[in-house]
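This report refers to the structure that appears directly beneath it.
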Amino acid sequence: MTTNILMPPGEDEQPDTRSKPRRRSGIGSRLRALVSNPTNAIGLLGLLLFTYLIVIPIVALLAEGTLVGGPDQAITRQPEGSLTSYYLWRVFLSPQAATIFWEPLANTLIIAVASIVLALLLGVGVAWLLVRTDMWGRKWFATALIVPYMLPSWTFALAWLTLFKNRTAGGQLGWLEALGGSVPDWLAYGHVPIIVIFAIHFTPFVILLVGNALKRFDATLEESSQILGASRLRTTMTIVLPILRPALISAVTLILAKVIGEFGVAYVLGLPINMNVLATSLYRNIYSNQTGAAAMIAAVIVLIGAISLWVDVHFVREAKRFVTISGKSGSVGAVTRLRRSRFVATAGCALLFLCSVAIPILVLSLSTLMRRPGDFSPENFTLDWWIGRGLDTLGFPNGILLNADVWQAAWNSLWIVGSSSILAGVVGLLAGYVVVRSNSRFISNGLRQMLFLPYLVPGIAFATAYMALFGEQRGPIPALYGTAILLVIIYFTEQMPFASRSGISSMMQLGSETEEAARVAGAKWFTRFRTIVLPIQKGAVAVAMVMAFISGIKSLSLVIILTVPGLDVLTTLSIRLLDLGYAQAGNGVVLIVSALAFAGTYTVQKVMKTDLSRGLGA
């Protein structure tokens with residue numbers, strides 16, 4: 001039996017109106033509406049892909065530190081895979097904790113703090129000379145003094161070892177001892193050389209950040225302070241430094257994040273005296289099959305990197321709350337006359353260039369031409385390390401240019417890093433397209449934040465995470481450790497923070513009107529992207545590819561634990577040659593890496609018709 005109830009027209013429509021929103025707000029209908037937009041569909045695929053490539057490896061890394069590994073079943077008396085606090089105890093509280101973690105942590109922090117202080121002193125001083133004085137050769141120095149940042153940091157470590165190596169480490173002597181001198185351990189290895197090298201390598205970073213901030217700094221503020229009677233010191237402390245604070249904090253936090261994850265320099269100059277930092281301690285734990293302890297150390301490195309970046313973002317956001325307002329007096333970019341100090345300033349910058357660029361490259365080049373280190377007699381010079389055959393070296397019979405291992409490593413570097421760079425450039429543009437064009441805040445913000453995560457994770461910790469995830473078969477994904485595919489994937493993922501930022505920046509400069517007109521004319525999404533977006537943005541894609549290639553070709557920390565014999569790239573081959581005692585050959589391979597990185601940077605500047613030092617010394 002059916003009962004019909006008559007309702008007024010207004011009330012009759014009400015329940016119907018309420019029911020429609022409920023149907024539209026269902027998860028299924030929302031998802032269908034979301035994926036019907038190609039931009040959102042690509043964004044969802046991107047979220048899934050990078051959840052697997054970025055988030056899950058980090059989770060797998062943390063899991064390695066909390067679950068019993070196979071070799072530790074007897075120690076923990078627990079079955080493999082069960083939850084344990086053993087690795088937490090071993091790394092932080094056990095009798096071995098000092099060697100495994102606390103001493104490396106102390107060394108890492110001492111080196112980081114001292115390097116940052118030294119880099120700031122050098123970088124701020126040089127930036128001020130380049131931007132605010134009439135020093136001779138400002139434009140040339142503005143380019144020349146940022147060259148160290150284009151080179152791998154361990155290039156300087158190898159040059160230092162060539163000069164100062166003593167008898168402690170065994171093998172060939174350094175030049176100074178070969179010439180009859182005596183080099184103490186503290187000068188040859190350990191904290192002092194590592195601090196000096198990091199300071200030299202990261203000083204260009206400070207010059208760029210602080211120099212650009214000084215370039216925009218209004219000099220009338222300084223003039224007003226001095227007119228009111230303030231001394232130069234007080235003006236600097238109360239006017240200049242507070243305004244430069246965002247640039248200084250960015251330099252400090254980003255250098256800290258880089259130093260903590262840096263492997264090559266500490267490996268070359270720390271291990272001869274058994275001095276470890278967190279990165280080398282992590283490396284040792286992996287090779288002694290202590291993957292659980294390595295995971296805990298990697299987690300600490302990730303945590304420190306994340307905190308440093310949070311500090312940077314927090315203070316920069318705080319700094320944006322204050323705006324400096326001044327009138328136009330024509331004093332912006334005012335130049336201080338150095339008078340008699342002009343020569344001293346120019347000589348100081350020339351000395352910095354010699355120490356940071358000319359001498360290291362010259363030392364490495366000469367070392368590859370010597371049979372015996374430090375012997376400058378004419379008969380000791382040879383080209384055997386480059387083009388010789390039948391060398392008296394086990395496992396390295398021919399010179400660098402005739403050696404099959406070097407060519408194989410060069411080919412591996414070019415195709416592996418090249419493939420990942422092409423992928424990073426194209427996917428970076430797609431990610432930028434989704435972030436800018438998507439009408440879903442969840443997809444846009446989620447993809448943007450997720451793609452920046454690899455920047456928080458130092459290279460060797462990220463490699464450890466990939467080793468934990470891809471070391472064995474998981475579901476349909478086979479074990480990829482020891483394959484070139486894994487290297488391509490990790491290079492590609494590690495470059496996504498920069499590639500995606502490049503894509504976002506370029507897409508924000510491209511209006512949607514042309515695409516809208518094509519859509520109205522009936523063009524599908526893929527046709528619009530292929531015929532409108534891609535041709536316009538091809539320059540930005542090319543630059544993103546080249547920048548990813550430069551960063552990848554000189555990377556060591558990222559792949560040192562993922563490469564196996566036969567799959568070496570140039571950076572890992574140079575380290576293996578050093579381990580075998582063939583310093584000349586290792587130095588030659590590093591020179592090739594440096595040349596590729598420098599050539600790539602030069603190419604970017606030509607493509608973009610700009611340079612990294614733009615705004616300085618002009």
| task | Could you tell me whether residue 417 is open to solvent by 20 Å² or more (accessible area, probe 1.4 Å) and within 21 Å of the chain's Cα centre (by Cα)? | result | no
| field | Scope the range 502-515; condition open to solvent by less than 30 Å² (accessible area, probe 1.4 Å), under 21 Å from residue 543 (Cα atoms), of a type outside the set (A, V, I, L, M) and more than 21 Å from the chain's Cα centre (by Cα); matching residues | value | 506
| query | Within the group 529, 492, 452, 462, which residue is assigned to a helix (DSSP H, G or I) and open to solvent by 50 Å² or more (accessible area, probe 1.4 Å)? | reply | 452
| task | Given the conditions (1) free of Cβ contacts under 8 Å to residues at least 40 places away in the same chain; (2) under 30 Å from residue 123 (Cα atoms); (3) in a helix (DSSP H, G or I); (4) not hydroxyl-bearing (Ser, Thr, Tyr), report the number of the one that residue 411 does not fulfil. | result | (2)
| query | Since residue 558 meets every condition but one in (1) open to solvent by less than 10 Å² (accessible area, probe 1.4 Å); (2) outside any loop (DSSP other than H, G, I, E, B); (3) of a type outside the set (Ser, Thr, Tyr), which condition does it not meet? | reply | (2)
| note | In the range 465-485, residues that are buried (at least 19 other Cβ atoms within 10 Å of the Cβ) and in contact (Cβ under 8 Å) with a residue 12 or more places away in the chain total 6
| task | Please work out which residue is farthest from residue 369 (Cα to Cα), limiting yourself to the range 172-212 and to residues that are among the small types (Gly, Ala, Ser) and either open to solvent by less than 20 Å² (accessible area, probe 1.4 Å) or not in a helix (DSSP H, G or I) (or both). | result | 211
| query | Do you know which of the residues in the range 471-501 that are over 15 Å from the mean Cα position of the chain (by Cα) and hydroxyl-bearing (Ser, Thr, Tyr) is modelled with the highest pLDDT? | reply | 483
| query | Considering 247, 257, 219, which residue is open to solvent by less than 10 Å² (accessible area, probe 1.4 Å), at pLDDT below 80 and more than 30 Å from residue 70 (Cα to Cα)? | reply | 219
| How do the pairs read when you match residues in the range 186-212 that are touching a residue at least 40 places away in the same chain (Cβ under 8 Å) and basic (Lys, Arg) with residues anywhere that are open to solvent by less than 30 Å² (accessible area, probe 1.4 Å) and not in a helix (DSSP H, G or I), using Cβ under 8 Å and keeping only pairs 6 or more apart or on different chains? | none
| Residues that are without any contact (Cβ under 8 Å) to a residue 40 or more places away in the chain: which helices (runs of 4 or more DSSP H) entirely in the range 215-283 hold 3 or more of them? | 220-227, 232-235, 241-261
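The values are calculated or read from the model by the stated rules, or taken from the named source; none is laboratory data. Everything numeric here is computed off the predicted structure, so don't read it as measured data. We place every Cβ from the backbone using ideal geometry, glycine too, and count neighbours over all the protein chains shown. Surface accessibility is based on the protein's heavy atoms, side chains included, excluding ligands, DNA and RNA. Shrake-Rupley method; radii C 1.70, N 1.55, O 1.52, S 1.80 Å.
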